[in-house]
Amino acid sequence: MNRYLLPLSALGTVVGGAVLLKDNVAGGVCPSKATIPGKTVIVTGANTGIGKQTAFELAKRGGNVILACRDMEKCEAAARAIRRETLNHHVNARQLDLASLKSIREFAAKINEEEQRVDILVNNAAVMRCPHWTTEDGFEMQFGVNHLGHFLLTNLLLDKLKASAPSRIINLSSLAHIAGHIDFDDLNWQTRKYDPKAAYSQSKLAIVLFTKELSRRLQGSGVTVNALHPGVARTELGRHTGIHGSTFSSTTLAPGSR
């Protein structure tokens, strides 16, 4: 037997297993080639990671894309990069701080006043496993940003979404919702010892429950509501865990993908 056969076979098995694992945890890639000219899309947290890739893909498909971000310097830079790479000049940056109810209301008021339609709302922005911080209005940061901020934003834009039907709302959740438990007596972790992981899971479960109920209420309105786990991605979301990078997986989001 060739002395190199066994090591090569073992190496092939490891590499093959790694590829299969990556494909399994990363999720599928949307095969749709649909274009969306004339459609207006809002993507929260679109200056980096999955949000930026989502905005890029939808801009490439011809959409009027609004990047809604807290950090305007990074948001403007992302918008410029997307315009340059897609040659779509209908890509704009808007200020939105989901940790501030005032900022959310101001953003929604501008959208309702200035935009003729909103066809797709992608609630993507999130914070994960941060210290026990609170939002401007006193909510635990992960619950406040991931769920409550998007809850308010969605409801403030709901009339515009209905008027633009058929339209859709896409909420990014996580498989972490499976481990979630919502403590209605202590949503803001004021009496319990703070657990960043459990707080994150609670926020993601809240997103799924909100999605299910809103979908039920909007039946027949022309507005569809979906939640998804986008697959494992290496983005800045993990900055508080020590596991993060500047690249992301091949998982993308587009109309009709989920």
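The values are calculated or read from the model by the stated rules, or taken from the named source; none is laboratory data. Since the model is a prediction, treat every value here as computed from it, not as a measurement. Reconstructed Cβ throughout: ideal geometry from the backbone, glycine too, with neighbour counts over all protein chains shown. These accessible areas exclude ligands, DNA and RNA; they are computed on the full protein's heavy atoms, side chains included. Shrake-Rupley method; radii C 1.70, N 1.55, O 1.52, S 1.80 Å.
Before moving on, here are some points about what is shown:
- Dipole magnitude for region 97-252: computed about the Cα centre from +1 point charges on Lys and Arg Cβ and -1 point charges on Asp and Glu Cβ, it is near 440 debye.
- Cross-link pairs K39/K162; K39/K160; K74/K102 - those with Cα-Cα distance over 19 Å: K74/K102
- Shown is the FRET efficiency for C130 and K33, computed with R0 = 41 Å from the Cβ-Cβ distance and rounded to the nearest 0.05: 0.60.
- Annotation for region 110-214: trypsin sites (Lys or Arg not before Pro) lying in DSSP loop with at most 12 further Cβ atoms inside 10 Å of their Cβ are R192, K193.
- Under 11 Å, Cβ to Cβ, from A163 - net charge with Lys/Arg +1 and Asp/Glu -1: 0
- The fraction of accessible area contributed by carbon and sulfur in region 33-104 is 49 percent, rounded to a whole number (1.4 Å probe; ligands and nucleic acids excluded).
- Stokes-Einstein D (µm²/s) once Rh is taken as the Kirkwood radius of region 97-252 over alpha-carbon pairs, at 10 °C in 1.306 mPa s: 97
- Lysines with Cα under 16 Å of K212, excluding same-chain neighbours fewer than 8 positions away: K204
- Inter-site label distance for K193 and K102 at 7 Å from Cα along Cβ, in nm: 3.7
- Per residue, the accessible area of region 54-148 comes to 46 Å² when a 1.4 Å probe rolls over the protein heavy atoms.
- In region 190-224, the chymotrypsin sites (Phe, Trp or Tyr not before Pro) that fall in loop regions by DSSP, at most 15 other Cβ within 10 Å: Y194
- Counting Lys and Arg as +1 and Asp and Glu as -1 over every other residue whose Cβ lies under 14 Å from the Cβ of I178, the net charge comes to +2.
- Computed magnitude of the charge dipole of region 60-100 (debye, nearest 20; Cβ of K, R +1, Cβ of D, E -1): 220
- Cα centroid of region 75-121 to Cα centroid of region 185-214, whole Å: 27
- Region 97-252 - share of DSSP beta bridges that are antiparallel (%, nearest 5): 10
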